[in-house]
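Notes follow the structure.
Values in this text are rule-based calculations from the coordinates and carry no lab data. In this text, all values refer to a predicted model and were calculated from it rather than measured experimentally. A quick note on method: Cβ atoms are made from the backbone with ideal geometry, for glycine too, and the neighbour counts reach across all protein chains shown.
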Amino acid sequence: MNEYRASNPAADLLGPGMAAPEFELAATPDGKNLRLSSLRGRPVVLVFYPADWSPVCTDQLSLYNELMPEWDRFNAQLLGISVDSIWSHNAWAKEKNLRFPLLADFEPKGAVTRAYGAYDEASGMSERALFVVDHDGKISWSYLSPINVNPGADGILAALEALVSPVAR
């Protein structure tokens with residue numbers, strides 16, 4: 001991690017109004033590739049996290065799993081992304097009964113995570129970063145959490161609420 005990044009960790013993170021970089025990654029449960037653009041027309045929540053099986057990541061993604069009715073309420077697709085392999089993702093998702101896709105940013109390692117400004121070169125892992133992508137593929141909200149802190153869901157839910165048309169309220 002460079003000095004600037006250490007003093008301002010969100011400096012490289014993509015922010016609101018920016019186009020969400022396109023990607024295609026292998027996803028659980030079947031290992032088939034998923035393209036971000038295939039989800040246009042609905043909000044997408046991107047959850048970059050450091051590692052399968054780690055305590056904070058387990059707590060964070062288990063919370064998001066419990067909140068599936070909330071994601072459904074906004075017609076939002078939740079996607080977990082880390083540099084772990086699809087095999088690790090499948091085993092972890094099965095053990096934790098995760099009901100949303102986990103995407104493997106495995107080869108080339110961290111390419112998508114880097115594109116979003118959420119890759120930690122020193123550790124070789126994703127940082128704990130959240131993005132809400134709107135119906136048109138633009139980032140409407142992003143957040144970089146301290147690595148050892150579960151960021152919860154309040155920020156994501158507020159960002160999804162803000163996407164709801166005033167007419168629909």
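In nm, to one decimal, how far is the modelled label at LEU63 from the one at ARG114, with both set 7 Å along Cα→Cβ?
According to this spin-label approximation, the distance is 3.0 nm.
Per 0.36 nm of contour for each residue apart, how much would the distance between GLU24 and ARG99 grow if the chain were fully extended, relative to their Cα-Cα spacing? Spell out each step's value before the answer.
Working: separation 75, 0.36 × 75 = 27.00 nm, distance 1.96 nm.
Length gained between GLU24 and ARG99: 25.0 nm.
Under the rule of -39500 (n - 2.57) per DSSP H run of 4 or more residues, summed and divided by the residues of the chain, what mean residue ellipticity at 222 nm is obtained, to the nearest 500 deg cm²/dmol?
-8000 deg cm²/dmol
Once volume of the Cα convex hull per residue in Å³ is worked out from the coordinates, which option in [x] 248; [y] 139; [z] 106 does it equal?
Given [x] 248; [y] 139; [z] 106, the structure-derived one carries the label [z].
What residue among GLY41, GLY155, MET18 has its Cα farthest toward the positive end of the dipole of the chain, where the charges are +1 on Lys, Arg and -1 on Asp, Glu, each on the Cβ?
The one lying farthest along the dipole's positive direction is GLY41.
Less than 29 Å apart at the alpha-carbon level, and either on another chain or at least 8 residues along: which lysines does that give for LYS138?
List returned: LYS32, LYS109.
With charges only on Cβ, +1 for K and R and -1 for D and E, what is the dipole size of the chain about its Cα centre, in debye, rounded to 20?
On the way: 14 positive and 21 negative charges, 79 e Å.
About 380 debye.
What is the gain in length, in nm to one decimal, between ALA122 and TYR143 on full extension, counting 0.36 nm per residue of separation less the C-alpha to C-alpha distance?
5.6 nm
When DSSP beta bridges are limited to those with both residues in the chain, what percentage is antiparallel, rounded to the nearest 5?
The antiparallel fraction comes to roughly 70 percent.
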